[in-house]
Amino acid sequence: MDASTNCPKCNSEHAYQDGALWVCPECAHEWSADAAAAAETAQEAGVRDAHGNQLTDGDSVIVIKDLKVKGSSSVVKGGTKVRNIRLTEGSDGHNIACKIDGIGAINLKSEFVKKA
């Protein structure tokens, strides 16, 4: 059995097809093959800014609102332009790594920036 028929919830390889749905006997999760294909397409969509524009490494972005810097009294003001961003896989939602003049290295969430 190939990896596309593994359970998306528990990754069990014992999933079986029941009509139009796939069923996992281990965790009782049910899904359709069409939904799995749509989820893969959504994951391929990549990182998008607050307006839905695709972001890539090296882009310049503008912060759209004032952001407090955790552990500091500094604030990143709205309208600050950030150059040469790097996209990261942050488990806490911070998926942009960058350097901001006057603050230093920082991680941002893509929902608080727009592409410049």
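The values are calculated or read from the model by the stated rules, or taken from the named source; none is laboratory data. All values derive from a computational prediction rather than experimental measurement. Positions of Cβ are backbone-derived with ideal geometry, glycine not excepted, and every protein chain shown enters the neighbour counts. These area figures cover heavy atoms from the full protein model, side chains too; ligands, DNA and RNA do not enter into them. Shrake-Rupley method; radii C 1.70, N 1.55, O 1.52, S 1.80 Å.
Each residue in the range 1-10 was checked for being open to solvent by 50 Å² or more (accessible area, probe 1.4 Å) and either at pLDDT below 85 or assigned to a helix (DSSP H, G or I) (or both), and 6 pass. Report yes if residue 75 is at pLDDT 90 or above, more than 22 Å from the chain's Cα centre (by Cα) and among the hydrophobic types (A, V, I, L, M, F, W, C), otherwise no. So residue 75 passes the test. Across the range 47-68, the number of residues qualifying as within 16 Å of residue 106 (Cβ to Cβ) and open to solvent by 40 Å² or more (accessible area, probe 1.4 Å) comes to 5. From the list 65, 109, 115, the one residue that fits, being touching a Gly at 6+ places or on another chain (Cβ under 7 Å) and under 14 Å from residue 47 (Cα atoms), is 109. Do we have any residue at all in the range 26-46 that's small (Gly, Ala, Ser) and modelled with pLDDT of 90 or more? There is no residue in the range 26-46 that is small (Gly, Ala, Ser) and modelled with pLDDT of 90 or more.
Candidates are the residues of the range 69-116 that are farther than 17 Å from residue 50 by Cβ and of a type in the set (D, E, K, R); the one that is most open to solvent (accessible area, probe 1.4 Å) is 70. The residues in the range 57-109 that are assigned to a loop (DSSP other than H, G, I, E, B) and hydrophobic (A, V, I, L, M, F, W, C) can be counted, and the count is 4.
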